[in-house]
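Taking it in order: structure first as structure tokens, then the write-up.
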Amino acid sequence: MSEINNQTPEALSKLFHRLRTPLNSILGFTELLKKETYGPLTPEQKEFLEIIHRNALELLEMLNQTYKKIEPRIEDKSTC
């Protein structure tokens, strides 16, 4: 966490954006696949997609929670 405190506000914002963007893509594509948009899935494929989707949601939630904790510090540094 100390490394995060030493980063510039712009760097932190870019970091969180760069992490959230691919996660949102993963979530979107897994949702499409789970709806069988591109054809039927086997039970095993459905299970794997559910694991991928659930883990991506957990990671996105952790990322959002971390961002909420440091967001005030990012805003304080950007106003200096």
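The values are calculated or read from the model by the stated rules, or taken from the named source; none is laboratory data. This one's a predicted model, so the numbers in the text were calculated from it and none came from an experiment. Neighbour counts run over all protein chains shown; Cβ positions are idealised from the backbone, glycine included.
Residues in the stretch 25-72 that are farther than 21 Å from Lys14 by Cβ and not aromatic (Phe, Trp, Tyr): 27 in all.
Can you confirm whether Leu41 is surrounded by 11 or more Cβ atoms within 10 Å (Cβ to Cβ), outside any helix (DSSP H, G or I) and either modelled with pLDDT of 90 or more or touching a Gly at 6+ places or on another chain (Cβ under 9 Å) (or both)? Outline the logic, then answer.
Numbers: surrounded by 11 or more Cβ atoms within 10 Å (Cβ to Cβ): yes; outside any helix (DSSP H, G or I): yes; either modelled with pLDDT of 90 or more or touching a Gly at 6+ places or on another chain (Cβ under 9 Å) (or both): yes.
In short, yes.
Looking at the structure I just gave you, is Glu61 modelled with pLDDT under 90 and loosely packed, with under 12 Cβ neighbours inside 10 Å?
Working: modelled with pLDDT under 90: no; loosely packed, with under 12 Cβ neighbours inside 10 Å: yes.
Spelling it out, it is not the case that Glu61 is modelled with pLDDT under 90 and loosely packed, with under 12 Cβ neighbours inside 10 Å.
For the subset of the stretch 44-58 comprising residues that are closer than 14 Å to Ser25 by Cα and without any contact (Cβ under 8 Å) to a residue 24 or more places away in the chain, which member is surrounded by the most Cβ atoms within 10 Å (Cβ to Cβ)?
We begin by selecting, within the stretch 44-58, every residue closer than 14 Å to Ser25 by Cα; these are 49, 52-57.
Filter once more, so that each one left must be without any contact (Cβ under 8 Å) to a residue 24 or more places away in the chain: 49, 54-55.
On the way: Leu49: 17, Arg54: 11, Asn55: 13.
So the residue we want is Leu49.
So, Gly28, is that one modelled with pLDDT of 95 or more, exposed (fewer than 15 other Cβ atoms within 10 Å of the Cβ) and not in a helix (DSSP H, G or I) or not? Here the answer is no, as Gly28 does not meet what is asked.
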